[in-house]
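Novice: Following this message is one structure expressed as structure tokens.
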Amino acid sequence: MAVDGSGFAGAYDGRMALRPTAAFFDLDKTVIAKSSTLAFSKPFQAGGLISRRAVLRSAYAQFVYLVGGADHDQMEKMRQFMSQLCAGWEVATVREIVADTLHNIVDPLVYDEAVSLIEEHHLAGRDVVIVSASGAEVVEPIAAMLGADHVIATRMEIADGRYTGGIEYYAYAEEKARAIEELAVVHGYELEECYAYSDSVTDVPMLDAVGHAHAVNPDKELRRTATEKGWPVLVFTKPVALRSRVPLPPAGPTLAALAVGSVVAVGGVLWASARRRRPGA
């Protein structure tokens with residue numbers, strides 16, 4: 001199978017070229033081993049920016065997420081809570097705070113199996129697309145490190161350099177499937193020949209949108225659905241330092257946006273809250 005200059009596969013059956021295909025990957029617990037929203041709490045405690053209580057709360061939320069996943073109600077509550085907390089805070093400030101802890105947080109979280117799978121799809125001539133309810137601030141740089149071709153992610157509303165507390169675009173549940181279908185129209189993907197990977201039952205619409213769906217480290221409900229639909233179940237167990245698999249750019253402010261997770265960075269929000277409570281802040 002040859003790959004032309006556009007990155008699309010160019011296989012021929014003697015009559016016409018096959019349409020290009022893609023592999024769509026969820027991010028949290030599919031490509032990375034934790035919730036990108038909650039991963040930054042400990043470094044902020046070490047820097048004296050958040051309280052022990054806040055760290056414990058984040059750790060508990062991470063535990064619940066890793067063990068049981070997050071259903072629609074839990075995701076909605078988290079979205080509302082984070083959106084309200086971040087309203088009014090400067091985007092530049094959030095990015096500045098996380099610059100020094102960027103590589104320490106992101107580097108060891110990527111599943112080795114996911115990196116290998118991404119490489120295999122690229123070698124087969126498929127585009128790789130990261131599709132996540134996490135914020136574009138975190139998804140886009142990680143996707144770039146992984147060599148992904150396109151990104152579908154949530155976008156927070158920003159006005160005058162500050163988060164307003166609103167969401168401009170929420171890449172979640174049925175919206176993921178709709179966005180995939182739109183991307184397929186733009187790039188000519190034959191969805192019946194495309195692949196998709198996710199851990200959550202909330203991504204069933206995304207998995208249904210392609211011909212080759214896979215459940216990765218699935219939650220209880222997705223495992224049941226995968227069994228009913230005959231989808232393969234993959235188990236990823238080996239988080240690896242990303243720098244050992246792909247070359248990473250040097251740490252710096254240009255990559256600081258990685259710490260803004262899901263609807264907003266938990267670390268940045270908690271830093272903001274702590275700063276407001278400090279005398280004279």
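Quick note: the coordinates plus some simple rules give every number you see, no bench work behind them. All values reported here derive from a predicted model rather than from experimental measurement. Don't worry about glycine lacking a Cβ; one is built from the backbone with ideal geometry, like all the others, and counts go over all protein chains shown.
Novice: Under the rule of at least 5 residues apart or a separate chain, name every residue whose amide H is placed under 5 Å from the amide H of VAL128.
Specialist: ALA23, ASP149, HIS150
Novice: Further question: At a 10 angstrom cut-off on C-beta neighbours, averaged per residue, how do the peptides 202-210, 139-147, 22-30 rank from highest to lowest? Please list the in-between numbers first.
Specialist: On the way: 202-210: 22.3, 139-147: 20.4, 22-30: 26.0.
Taking the mean over residues of other Cβ atoms within 10 Å, the ranking is 22-30, 202-210, 139-147.
Novice: So if each residue of separation counts as 0.36 nm, and I subtract the Cα-Cα distance between ARG223 and THR164, what length gain in nm does that give?
Specialist: Working: separation 59, 0.36 × 59 = 21.24 nm, distance 3.73 nm.
Result: 17.5 nm gained on full extension.
Novice: Next question. Amide H neighbours of VAL240 under 5 Å, at least 5 residues apart or on other chains, H built in the peptide plane: list them.
Specialist: VAL110, TYR111, ASP112
Novice: May I ask you to evaluate 6.51 cos²θ - 1.76 cosθ + 1.60, the Karplus curve with θ = phi - 60°, for each residue of the stretch 205-212 and list the ³J(HN,Hα) values in order in whole Hz, giving x for glycine and proline?
Specialist: Karplus-based 3J(HN,Hα) across the stretch 205-212 equals x, 5, 5, 5, 6, 10, x, 10 Hz.
Novice: 7 Å from Cα along Cα→Cβ at both SER116 and VAL233: what's the point-to-point distance in nm?
Specialist: Placing both labels 7 Å beyond Cα along the Cβ direction yields 2.0 nm.
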